[in-house]
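Remarks on the structure that follows.
The values are calculated or read from the model by the stated rules, or taken from the named source; none is laboratory data. The structure displayed is predicted, hence computed values, not measured ones. Cβ placement follows ideal geometry from the backbone for every residue including glycine, while neighbour counts extend to all protein chains displayed. Heads up: the accessible areas ignore ligands, DNA and RNA and are worked out on the full protein's heavy atoms, side chains in. Shrake-Rupley method; radii C 1.70, N 1.55, O 1.52, S 1.80 Å.
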Amino acid sequence: MGTVRETIDFPQDQRAFLQPYLPTEQNSSSPRPFVTLTYAASLDSQIASAPGARTALSGPESKAMTHYLRFKHDAILIGVGTAVADDPALNCRLGDIQSVDEQPRPIILDPSGRWKFSADSHVIRLAKEGLGKAPFVLTRATQPPAEMVALLSEIGGKFIKISGTVLERGFTWEKVFNALEHEGIKSVMIEGGGRVINSLLKPENKALVDCVIVTIAPTWLGTGGVVVSPDRQFHNGQVLPAPRLRDTIWHPLGEDVVLCGRLASQSKS
Ligand SMILES: NC(=O)c1ccc[n+]([C@@H]2O[C@H](COP(=O)([O-])OP(=O)(O)OC[C@H]3O[C@@H](n4cnc5c(N)ncnc54)[C@H](O)[C@@H]3O)[C@@H](O)[C@H]2O)c1
Ligand SMILES: Nc1nc(=O)c(N)c(NC[C@H](O)[C@H](O)[C@H](O)COP(=O)(O)O)[nH]1
């Protein structure tokens, strides 16, 4: 049975506040992709009610905004924890989309082959039906399983091998962005999950992030969920400055508030 084609509307008159935070043509001449870090959090800074639990936090208006962001980026990137927990679609369901060429490319960071996708996985099904692009899976494996290689290649996706050192069982971000640049990807929105977000907020990585867009939902999830709270960093016994946003806008959207800001240049101070 085919997938029901859902169409989401993000009204034109609500789009303007995001404009200063979106990738532009000027950015596209930069050697590395424009990076937007975006997620939805509860009032207790949690993005899921438990590790591995898919948790809807965004209301319909901010969900529509996320689809607009997907429309404005060349790629959507998630960690394997999110791929396994959410079986996400990773496509844009905005009415603006005219053809699959306008869809963002799903990128999954899966160093050790935890994501056991099949023809039934949401993102694969959508790509088969022309409702999204096929994923690129970043891996450390020299020989990923042949049936997965075949499934991806049938729909225009692939495994991309990232070699060299790995950071806390993850890839170094420079290598990830180099790989995306090599694929001609000029802008990427990083949607999570917890480990990916907390890693990007570390002092050594935060200069790689151009904009941060957080949806804050008016709810508390309670202890035990997936928390956005980067480790406190020390240097010579001193606590390093905590990440902080500048150029902020707080924009109410439905019952949520959307916080936009920038991290990058602050890390140089
Ligand atoms: N509310 C939201 O906006 C939102 C968004 C995305 C995910 N989520 C939730 O987050 C949860 C998953 O989060 P998680 O922390 O378990 O997994 P994750 O999605 O952050 O994936 C982490 C994995 O990615 C891989 N990885 C590769 N390079 C990495 C790097 N440089 N840094 C960090 N990881 C790297 C590692 O294998 C690591 O274990 C799920 O419950 C999902 O529903 C919520
Ligand atoms: N903006 C946002 N609000 C949420 O309430 C929520 N849970 C996510 N989560 C992001 C994560 O990347 C999910 O995996 C995708 O939101 C899956 O969504 P799709 O199936 O692709 O529509 N993101």
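One table, with the values for the structure above:
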| item | result |
| --- | --- |
| Matching residues in the range 51-62 - criterion: being open to solvent by 70 Å² or more (accessible area, probe 1.4 Å) and within 13 Å of ligand 1 (Cβ to nearest atom) | PRO51, ARG54, ALA56 |
| Scan of the range 139-159 for residues that are closer than 19 Å to PRO88 by Cβ, under 22 Å from the mean Cα position of the chain (by Cα) and more than 16 Å from ligand 2 (Cβ to nearest atom), ordered by number | THR139, LEU152, ILE155, GLY156, LYS158, PHE159 |
| Subset of the range 126-147 that is of a type in the set (A, V, I, L, M) and closer than 22 Å to ILE76 by Cα - its residue that is modelled with the lowest pLDDT | ALA141 |
| Single condition TYR68 does not satisfy, out of (1) open to solvent by 50 Å² or more (accessible area, probe 1.4 Å); (2) more than 13 Å from ligand 1 (Cβ to nearest atom) | (1) |
| Strands (runs of 3 or more DSSP E) wholly inside the range 189-269 that include at least 1 residues being without any contact (Cβ under 8 Å) to a residue 24 or more places away in the chain and polar (S, T, N, Q) | 246-253 |
| Given (1) open to solvent by 50 Å² or more (accessible area, probe 1.4 Å); (2) more than 22 Å from TYR68 (Cβ to Cβ); (3) touching a Ser or Thr at 6+ places or on another chain (Cβ under 9 Å), number of the condition LYS186 does not satisfy | (2) |
| Extreme residue, nearest to PRO33 (Cα to Cα), among residues of the range 60-116 that are more than 9 Å from ligand 2 (Cβ to nearest atom) and among the hydroxyl-bearing types (Ser, Thr, Tyr) | TYR68 |
| Filter result for the condition that a residue is touching a residue at least 12 places away in the same chain (Cβ under 8 Å), open to solvent by less than 30 Å² (accessible area, probe 1.4 Å) and more than 16 Å from VAL196 (Cβ to Cβ), over ALA89, ALA48, ALA75, ALA83 | ALA89 |
| Pairs, first in contact (Cβ under 8 Å) with a residue 60 or more places away in the chain and open to solvent by 20 Å² or more (accessible area, probe 1.4 Å) in the range 20-40, second among the polar types (S, T, N, Q) and within 15 Å of ligand 2 (Cβ to nearest atom), C-beta under 9 Å, six or more apart | PRO23/THR36; TYR39/THR215; ALA40/THR55; ALA40/SER58; ALA40/SER62; ALA40/THR66; ALA40/THR215 |
| Condition broken by LYS268, with the remaining ones in (1) open to solvent by 80 Å² or more (accessible area, probe 1.4 Å); (2) at pLDDT 95 or above satisfied | (2) |
| Test: residue in the range 200-218 that is open to solvent by 30 Å² or more (accessible area, probe 1.4 Å) and within 19 Å of LEU90 (Cα to Cα) | no |
